[in-house]
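The values are calculated or read from the model by the stated rules, or taken from the named source; none is laboratory data. Just so it is clear, the model here is predicted, and its values are computed rather than measured. Neighbour counts are summed over all protein chains in view; Cβ atoms, including those assigned to glycine, are modelled from backbone coordinates with ideal geometry. Heavy atoms of the whole protein, side chains included, go into the accessibility calculation; ligands, DNA and RNA do not. Shrake-Rupley method; radii C 1.70, N 1.55, O 1.52, S 1.80 Å.
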Amino acid sequence: MSEVTSITKRPSILGGAMIIAGTAVGAGMFSIPIVTSGVWFTGSIFLLIYTWFCLFMSGLMILEVNLHYPLGSSFHTITKDLLGKGWSTINGLSIAFVLYILTYAYISAGSSIIVQNFAEVISLPQAIAGLVFALIVAFFVWLSTRAVDRLSTILIGGMVIAFILAIGGLFTEVKMPVLFNTNESNASYLPYALVALPYLLTSFGYHGNIPGLVTYYRKDGKAVMKSLLIGTLISLAIYILWQFVVQGNIPREGFKQVIADGGNIGNLLAQMRSTTANATVSMLLDLFSYMALASSFLGVSLGLFDYLADFFKFSNTGSGRFKSALVTFIPPTILAIIFPDGFLYAIGFAGLAATIWAAIIPALMAKASRERNQSQNFKAPGGMFMIGFVILFGVINAGAHILANFNLLPIYR
């Protein structure tokens, strides 16, 4: 009689990497060329790599800590156990703030795109356009998580296709003198470096997925590490390619107009249309922006919806979900009606808050975990030096955003 051996197949590394890349890449990438217009292309590449490295390291620190806890342990549970109730409360508030401010940012961006692209068909004030956009997304979130899942799958598929086709068209139109700003004499770049960092931090936000990946790979630390590495490198490559085609088509001076117009997604797209004669590329870029924004908005607002439903203990019935939808969408929608052009400001504040749970807290947890647990199955590299390096990164980000808001740092505009 032959012996049958049961082999459990391990989830693919690529699958985990796609989860990370899909979480990080979204509508926030439209802010990157705008906020790095001061340092321009070469400087932005250095800043992107620096941000990627620090946030990849902080992700490994969360992984290291998570492996000492039972499967399914949440970020909140681990923070509370290692750092105490105070840090746990700060962590929870920062996560809620980021979700709320990003929901507002995407309503603002959606209203900007509607006004810019449908002005000839229907004339709507931007505040009303934002309200309509928020109501549509709120309906799908209220309907069910499955509805969001199905719509997001369609949007992400379409987004990938539109992005590849649009980037392919723009790639051939990149002008090297524009990309390297050779026509501007005595240009200054370095003074504008710090102010861009909080926006770039927001674009690498994936840390909330790590506990889920630890469960997904059944505590296989090396598998999770590989997923984080590949997923974050995919994100980095997409951002660098995006910088290449946008800053290779729009002259540096052109971004002053984008910022003056409000710095919203619609303003950037309008500037792109003015620099390319290819109508098909413009259409594909518009399609990509619609789908990227809608998928990001759905993902963030669903996360906020679930967070608030759990916090307020609302039921999963129709009336319970309606209450959750109200507390999820009413505050950011009112803010978008009052301040319709706050996309860039919101992304910056999201970066300020995300500094806490994506950089500072992971480093502090790694330090506390190493003091408590002598045996380590997996350990983030760099020792105490790297913990200090990541905390310093977080402090620099927070300090840069605060100083910029008090006009104590130079801003390109």
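Summary table below
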| item | result |
| --- | --- |
| Scope the range 263-302; condition free of Cβ contacts under 8 Å to residues at least 40 places away in the same chain and closer than 14 Å to Leu155 by Cα; matching residues | none |
| Residues that are open to solvent by 30 Å² or more (accessible area, probe 1.4 Å) and over 24 Å from Gly59 (Cβ atoms), drawn from the range 344-363 | Tyr345 |
| Filter result for Leu197 (touching a residue at least 12 places away in the same chain (Cβ under 8 Å), open to solvent by less than 20 Å² (accessible area, probe 1.4 Å) and closer than 14 Å to Ser31 by Cα) | yes |
| So Ala400, is it in contact with a helix residue (DSSP H, G or I) (Cβ under 6 Å, 6 or more places away or on another chain), within 30 Å of Ala193 (Cβ to Cβ) and either part of a helix (DSSP H, G or I) or charged (D, E, K, R) (or both) | yes |
| Exclusive hit being closer than 22 Å to Gly59 by Cβ, aliphatic (A, V, I, L, M) and modelled with pLDDT of 95 or more, set Leu179, Leu213, Leu236 | Leu236 |
| The lone exception for Ala366 - which of (1) among the aliphatic types (A, V, I, L, M); (2) open to solvent by less than 50 Å² (accessible area, probe 1.4 Å); (3) farther than 25 Å from Lys80 by Cα it fails | (3) |
| For Thr89: the one exception among (1) open to solvent by 50 Å² or more (accessible area, probe 1.4 Å); (2) of a type in the set (Ser, Thr, Tyr); (3) under 19 Å from the mean Cα position of the chain (by Cα) | (3) |
| Residue in the range 308-326 that is surrounded by 15 or more Cβ atoms within 10 Å (Cβ to Cβ), over 26 Å from the mean Cα position of the chain (by Cα), among the hydroxyl-bearing types (Ser, Thr, Tyr) and farther than 29 Å from Trp242 by Cβ present | no |
| Scope the range 172-194; condition open to solvent by 60 Å² or more (accessible area, probe 1.4 Å), outside any helix (DSSP H, G or I) and under 17 Å from Pro33 (Cα atoms); matching residues | Lys175, Phe180, Tyr189 |
| Check on Asp341, modelled with pLDDT under 90, surrounded by fewer than 21 Cβ atoms within 10 Å (Cβ to Cβ), in a helix (DSSP H, G or I) and among the charged types (D, E, K, R) | no |
| Within the range 385-401, tally of residues that are over 16 Å from Phe56 (Cα atoms) and open to solvent by 30 Å² or more (accessible area, probe 1.4 Å) | 2 |
| Verdict on Phe41 being farther than 17 Å from Met225 by Cα and open to solvent by 50 Å² or more (accessible area, probe 1.4 Å) | no |
| Answer residue from the range 13-38, given it is under 29 Å from Tyr217 (Cα atoms) and of a type in the set (Val, Ile, Thr) and is surrounded by the fewest Cβ atoms within 10 Å (Cβ to Cβ) among those | Ile19 |
| Any chance Ser111 is more than 30 Å from Asn278 (Cβ to Cβ), small (Gly, Ala, Ser), touching a helix residue (DSSP H, G or I) at 6+ places or on another chain (Cβ under 6 Å) and surrounded by 15 or more Cβ atoms within 10 Å (Cβ to Cβ) | no |
| Residue match in the range 225-245 (condition: among the charged types (D, E, K, R) and open to solvent by 10 Å² or more (accessible area, probe 1.4 Å)) | yes |
| Any chance Ala309 is more than 28 Å from Phe30 (Cα to Cα), part of a helix (DSSP H, G or I) and out of contact with any Cys (no Cβ under 6 Å at 6 or more places or on another chain) | yes |
| Total residues in the range 44-55, condition of a type outside the set (A, V, I, L, M) and either buried (at least 20 other Cβ atoms within 10 Å of the Cβ) or modelled with pLDDT under 90 (or both) | 4 |
| Single unsatisfied condition, Thr202 versus (1) crowded, with 18+ Cβ neighbours inside 10 Å; (2) more than 24 Å from Ala350 (Cα to Cα) | (2) |
| Hits in the range 205-215 (condition: of a type in the set (Ser, Thr, Tyr) and surrounded by fewer than 19 Cβ atoms within 10 Å (Cβ to Cβ)) | Thr215 |
| Test: residue in the range 141-155 that is under 19 Å from Asn264 (Cβ atoms), open to solvent by 40 Å² or more (accessible area, probe 1.4 Å) and either assigned to a helix (DSSP H, G or I) or touching a His at 6+ places or on another chain (Cβ under 6 Å) (or both) | no |
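For (1) polar (S, T, N, Q); (2) surrounded by fewer than 19 Cβ atoms within 10 Å (Cβ to Cβ); (3) assigned to a loop (DSSP other than H, G, I, E, B), each residue gets a yes or a no:
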{"residue": "Pro70", "(1), (2), (3)": "no, yes, yes"}
{"residue": "Thr77", "(1), (2), (3)": "yes, yes, no"}
{"residue": "Leu99", "(1), (2), (3)": "no, no, no"}
{"residue": "Leu124", "(1), (2), (3)": "no, yes, yes"}
{"residue": "Ala129", "(1), (2), (3)": "no, no, no"}
{"residue": "Phe139", "(1), (2), (3)": "no, yes, no"}
